[in-house]
């Protein structure tokens, strides 16, 4: 899918986990409407995106977190696109610093979050994969109001990692990654500095809380 530059542009834009019309995708990818529609048709057939119709508008979004993870994995393997302008470099640096990867945090901030959770022994690596420690369960419940009993009632992956294309490391995904990102938005730790971009940034409160909890 990512061997085509046009398809890559569209999929990267859709990694924000929001619904978009063809016109919105066209404006943000600098592609023509018929080109975007053609590739979206391919994605629908491949079950990579879903489409919701409201009135005369069709809204498209990536199907699920598994598709997003596959795209991120393919981006790690793909040749890095050459940056040719100041604007392109600015966009890249914002995404590299912190971004939404479908439903979890990615970029430098996302990689650092995973490393801090491991370093503080809130989670740990075992032969069967990542697990939450008893200390971590207590801390996450107290500081982030995350209940793991609720996870156990759902058929969901609690802990997993995702390859990070900008850092060549891994960041946290799964139910914990999703809940942490949701908490950070609800409690105004993070915001979108640019409209219709996956790039996110810490608020003043977010910087204080990250330092308090993870430094």
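The values are calculated or read from the model by the stated rules, or taken from the named source; none is laboratory data. All values reported here derive from a predicted model rather than from experimental measurement. We place every Cβ from the backbone using ideal geometry, glycine too, and count neighbours over all the protein chains shown.
Scan region 54-65 and tell me whether some residue there is part of a helix (DSSP H, G or I), within 24 Å of residue 172 (Cα to Cα) and within 16 Å of the chain's Cα centre (by Cα). Yes, region 54-65 contains at least one residue that is part of a helix (DSSP H, G or I), within 24 Å of residue 172 (Cα to Cα) and within 16 Å of the chain's Cα centre (by Cα). For region 170-193, the set of residues classified as touching a strand residue (DSSP E or B) at 6+ places or on another chain (Cβ under 8 Å), in contact (Cβ under 8 Å) with a residue 24 or more places away in the chain and not in a loop (DSSP other than H, G, I, E, B) consists of 170, 171, 172, 173, 174, 176, 177, 178, 180, 181, 184, 190, listed by residue number. Any chance region 154-165 includes a residue that's without any contact (Cβ under 8 Å) to a residue 12 or more places away in the chain and either assigned by TED's automatic domain parsing to the domain that holds residue 26 or not in a helix (DSSP H, G or I) (or both)? Yes - at least one qualifying residue is present in region 154-165. Restricting attention to region 19-49, report how many residues are surrounded by 14 or more Cβ atoms within 10 Å (Cβ to Cβ) and touching a helix residue (DSSP H, G or I) at 6+ places or on another chain (Cβ under 8 Å). Qualifying residue count for the region: 16. Say whether the condition of being part of a helix (DSSP H, G or I) and within 14 Å of the chain's Cα centre (by Cα) is met by at least one residue in region 88-95. Yes, some residue in region 88-95 is part of a helix (DSSP H, G or I) and within 14 Å of the chain's Cα centre (by Cα).
State all residues of region 194-215 that are surrounded by fewer than 14 Cβ atoms within 10 Å (Cβ to Cβ) and in a loop (DSSP other than H, G, I, E, B); if no residue qualifies, say none. 194, 195, 196, 215, listed by residue number.
Note on region 2-46: residues that are outside any helix (DSSP H, G or I) and either under 19 Å from the mean Cα position of the chain (by Cα) or on the phi < 0 side of the Ramachandran plot (or both) total 13.
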